[in-house]
1. Compute the distribution of all C-alpha to C-alpha distances in the range 111-236, in bins of 5 Å from 0, and list the percent of pairs in each, rounded to whole numbers.
2. Assigning unit charges at the beta carbon (Lys, Arg +1; Asp, Glu -1) and nothing else, what dipole magnitude in debye, to the nearest 20, does the chain show about its Cα centre?
3. Once the chain is represented by equal point scatterers at the alpha-carbon sites, with solvent omitted, what log10 I(q)/I(0) does the Debye formula produce at q = 0.08, 0.09, 0.17 Å⁻¹?
4. Just need log10 I(q)/I(0) for the range 9-117 at q = 0.13, 0.21, 0.23 Å⁻¹, Debye formula, equal scatterers on the alpha-carbon atoms, no solvent, rounded to two decimals.
5. Report, in debye and to the nearest 20, how large the dipole of the range 2-99 comes out about its Cα centre when Lys and Arg carry +1 and Asp and Glu carry -1 on their Cβ.
6. How do 199-209, 156-166 rank on mean C-beta neighbours within 10 Å, highest first?
7. Can you list the residues, at least 5 places off or on another chain, whose amide H is less than 5 Å from the amide H of Lys74, using H built in the peptide plane?
8. Taking 45 Å as R0, compute the FRET efficiency from the Cβ-Cβ separation of Gln197 and Val172 and round it to 0.05.
Amino acid sequence: MTRKAIRTQPGRGVKNSALAEVWVNSRIDVIRGGLRVNTYLLFKDGSVYTDCDIPPNELNVNKSKELQAKKWSKWRKSGSTYQIFNHKKGQWKKLDGKRAIKTRPNEKLNARFLSAGGSQMMGSWKRTMQFKPNGRFELSNFSMNSSPTGSVGPSVGSVHNSDKTGTSGSTVVIGTNVGGGTSSKKKDGSKNTGSYQLNEYTITLKHDNGYVHTELFFFDKANKSSFIYKDDKYWLDKG
């Protein structure tokens, strides 16, 4: 609910002219598996909005400061590095990471990117985003989960897959005096295909099923081999 409340109409949020820098840091997320991404909006007035996962031009600053006070702090530059003030510890700390690289208006890509990870607690997952130079995209999502070894009760395993052909899933239950499973399949592949449009720190996806949405998007490497989408990092699939 909070995430929806802090978003305003595209273009009515933060202006690029109000920003000194858009900064991003990613690190290993042990619990979830994969990477934990934190995007910072460094304002020219010395304030900083942390853990941004929506397009800056849709951020309602006043509403965010009201509902997300803990995500706001202040920043400063010390030599060639940035520092952010840690209110909990009452001290400045180095802001690790790198500068975000915004896209060119209507820029087109021709590559397949993936985001993947896994842990014993969360299972394994893999998501891909393929962009074509004609402005089309294709998405896929695969996940697999199972009860941790040694857990009490029957073992439950599930597999889910969604791509341009549709969505399928299956669940299996194995235990003492119990066993069985279910499976499902939907021909809803149109939700995973459509057209895309890049513009600075945003991507607009128009799915073939009619769903349209704009999200945070930017590159975090000069060679554009990886990008940030909302709060996930995707890198070039060389497979």
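Throughout, read-outs are computed from the coordinates displayed, never taken from laboratory work. Note that this is a predicted model, so its numbers are computed, not measured. Every residue, glycine among them, receives a Cβ derived from its backbone with ideal geometry; neighbour counts consider all protein chains shown.
1. 2, 10, 16, 19, 16, 13, 9, 7, 5, 3, 1, 0
2. 620 debye
3. Cα-only, vacuum Debye calculation for the chain: -0.38, -0.48, -1.31.
4. One equal scatterer on each Cα of the range 9-117 leads to -0.58, -1.29, -1.40.
5. 200 debye
6. The most tightly packed comes first, giving 199-209, 156-166.
7. Val48, Phe85
8. So the FRET efficiency works out to roughly 0.65.
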